[in-house]
Amino acid sequence: MSKKRILIVDDSSMMRKMLTKVLSIRGGHNIVGEAKNGIEALVMYRKLMPDLITMDITMEGMDGLSAAKEILKFDSNANILFLSNLDKAKYGDDIKAIGAVGFVNKHKSQDILNIVNS
């Protein structure tokens, strides 16, 4: 497993803290930044060029699907993992069409780590 540089994008500060704990302490990865919406994610991605982005779907300002599309226009090799409590059946096709790494329930930390570590 190689250590990854990760940008966490979620509108909940509590969720960003939980993901930081899971990914850095349990997973050994380096959290290079945190964004609370898609607009911040775009700016931070261009500045930090992380190996992976964890992206929430619903956020104020710019949602995760829109942000992912913009990031992938800028860098077609960007790796985006969607983390959400929303119904996978409802968003799965859109996420697959975008070319994301995957979609995981944001409260399933072991599943998140398994994908990030793969």
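Before moving on, here are some points about what is shown:
- Within segment 67-87, the only residue that satisfies the criterion of being over 12 Å from the mean Cα position of the chain (by Cα) and among the hydroxyl-bearing types (Ser, Thr, Tyr) is 76.
- Number of residues in segment 1-17 that are free of Cβ contacts under 8 Å to residues at least 40 places away in the same chain and either within 12 Å of residue 83 (Cβ to Cβ) or not in a helix (DSSP H, G or I) (or both): the value is 3.
- Where a residue in segment 48-61 is on the phi > 0 side of the Ramachandran plot and its partner, wherever it lies, is surrounded by fewer than 17 Cβ atoms within 10 Å (Cβ to Cβ), with Cβ under 6 Å and at least six apart: 61/39
- Segment 57-68 - residue that is part of a loop (DSSP other than H, G, I, E, B) and not hydroxyl-bearing (Ser, Thr, Tyr) and, of those, surrounded by the fewest Cβ atoms within 10 Å (Cβ to Cβ): 60
- Taken together, the residues in segment 73-95 that are surrounded by fewer than 16 Cβ atoms within 10 Å (Cβ to Cβ) and not in a loop (DSSP other than H, G, I, E, B) amount to 8.
- Filtered residue count, segment 21-56, keeping only those that are under 16 Å from residue 110 (Cβ atoms) and in a helix (DSSP H, G or I): 6
Here, each number is a calculation from the coordinates, and none is a lab measurement. Values in this document were obtained by computation on a predicted structure and should not be read as measured data. Using ideal geometry, Cβ is built from the backbone for each residue, glycine included, and neighbour counts are taken over all protein chains shown.
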